[in-house]
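Asker: Structure provided below as structure tokens; questions to follow.
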Amino acid sequence: MKLALLFIVGISSLQNVFSQASDLQIVASAGSSFETNEIILDWTLGELMVQTLDRPSGMISQGFHQPLYTIVDVKYLPRELGNIIVSPNPFSTDFTINMSFVKPETGTIMLYDLSGKELWRKDFEGNTIMEQYNASALSSGSYMLVVSGADDSFTSTHQILKNQ
């Protein structure tokens with residue numbers, strides 16, 4: 001009897017020793033996140049795949065519930081400082097950045113792909129600035145154009161789209 005009990009306990013223990021732990025995954029087709037001062041609500045509906053590929057050149061992530069994600073905030077220049085217009089948007093071969101400031105400004109224009117890689121950088125100075133960028137070498141997709149003042153006095157972020 002003792003031998004049978006020892007055998008059953010031994011077999012039960014082996015299952016725990018050789019079992020695999022699996023990561024929790026969510027399969028959904030839609031989702032969102034809402035946050036207030038008191039609660040955070042994340043929801044999904046029918047998500048098809050969740051995966052993150054991490055390479056030296058950058059991280060590619062698909063699916064909503066990821067271990068690390070960044071929310072990109074698109075900010076515009078306050079009207080009391082001036083106006084920044086990126087046109088055309090969407091663009092196919094090139095786009096123009098027209099900036100007019102109330103007082104002379106200095107700063108930098110930067111173009112990023114969605115992985116955060118900087119593609120272009122140009123310094124500016126003055127009240128009225130027009131810069132043109134030849135984007136024919138870029139592939140179709142979304143890009144972020146960031147205009148920031150010297151000493152971070154302002155930041156204006158524009159999402160631009162290149163089509164074929």
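Coordinate-derived values only; no laboratory data. Remember, predicted model here, so these are calculated numbers, not experimental data. FYI the Cβ positions are ideal-geometry reconstructions off the backbone, even for glycines, and counts take in every protein chain you see.
Asker: Calculate the FRET efficiency for residue 103 and residue 41 from the Cβ-Cβ distance with a Förster distance of 45 Å, rounded to the nearest 0.05. Don't jump to the answer; show the numbers that get you there.
Answerer: Working: r = 43 Å, r/R0 = 0.96.
Computed FRET efficiency for residue 103 and residue 41 comes out at 0.55.
Asker: Then there is this: Packing-wise, with mean Cβ within 10 Å as the measure, how do 96-102, 147-153 rank, highest first?
Answerer: Those peptides, ordered most packed to least, come out 96-102, 147-153.
Asker: Give, as ranges by residue number, the residues of region 75-112 whose backbone N falls under 13 Å from the point 7 Å along Cα→Cβ of residue 136.
Answerer: Only 92-95 pass the distance filter.
Asker: Shifting gears a bit: What does the charge dipole of region 85-137 about its Cα centre add up to, to the nearest 20 debye, if the Cβ of each Lys and Arg holds +1 and the Cβ of each Asp and Glu holds -1? Walk me through the numbers on the way to the answer.
Answerer: Working: 4 positive and 7 negative charges, 11 e Å.
Computed charge dipole of region 85-137: roughly 60 debye.
Asker: Still on this structure: Packing-wise, with mean Cβ within 10 Å as the measure, how do 120-127, 84-91 rank, highest first?
Answerer: Most protected by this proxy first, the peptides run 84-91, 120-127.
Asker: Oh, and also: Which residue, 85, 140, 126, has the largest displacement toward the positive end of the dipole of region 82-162 when charges sit on each Cβ (Lys, Arg +1; Asp, Glu -1)?
Answerer: 140
Asker: What length, rounded to one decimal in nm, is gained on full extension from residue 3 through to residue 81, with 0.36 nm per residue of separation minus their alpha-carbon distance?
Answerer: Net length gain for the segment: 19.6 nm.
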